Amino acid sequence: MTIAEVSKKYNLTQDTIRYYEKEGLIPRVPRTESGIRNFDENSCNWIEFIKCMRDAGLEIEVLKEYVRLFWQGKNTVTERKQLLEKQRNKLLEKQKNINETLERLNYKINLYDEIEKGIRKDFTEKP
């Protein structure tokens, strides 16, 4: 696949894909004889993984550490697992905060629905 095709498939800019490669987040992408990137299944798997992790908010430095450990082989499985567990815990905390915010937003929206429908006439509103 060309970089344009990969960009479209994963909804990433070509510059982002080049950056991921430059930073070592994806392995060196095979190239054609004329030097054009020719993304193979392995490259695409890495892009999909990195995109998923970035979309979830994982930092570039964390992903670089993960990739570094990955390339060191099986002896780093425990370290990789611990790194991912730490990131999962951070995401769970974010999820908790998002859920609390959603509850508050839903309360406010329901309040305004009731006001618009005339169900509530007197109320004291807090921010």
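A few comments on the model shown:
- In this structure, THR2 does satisfy being touching a residue at least 12 places away in the same chain (Cβ under 8 Å), among the hydroxyl-bearing types (Ser, Thr, Tyr) and at negative phi.
- Test: residue in segment 13-28 that is over 20 Å from the mean Cα position of the chain (by Cα) and not assigned by TED's automatic domain parsing to the domain that holds PRO127: yes
- Each residue in segment 47-97 was checked for being touching an Asp or Glu at 6+ places or on another chain (Cβ under 7 Å) and either surrounded by fewer than 11 Cβ atoms within 10 Å (Cβ to Cβ) or free of Cβ contacts under 8 Å to residues at least 12 places away in the same chain (or both), and 0 of them qualify.
The values are calculated or read from the model by the stated rules, or taken from the named source; none is laboratory data. Keep in mind that this is a model prediction, so the values were computed, not measured. Reconstructed Cβ throughout: ideal geometry from the backbone, glycine too, with neighbour counts over all protein chains shown.
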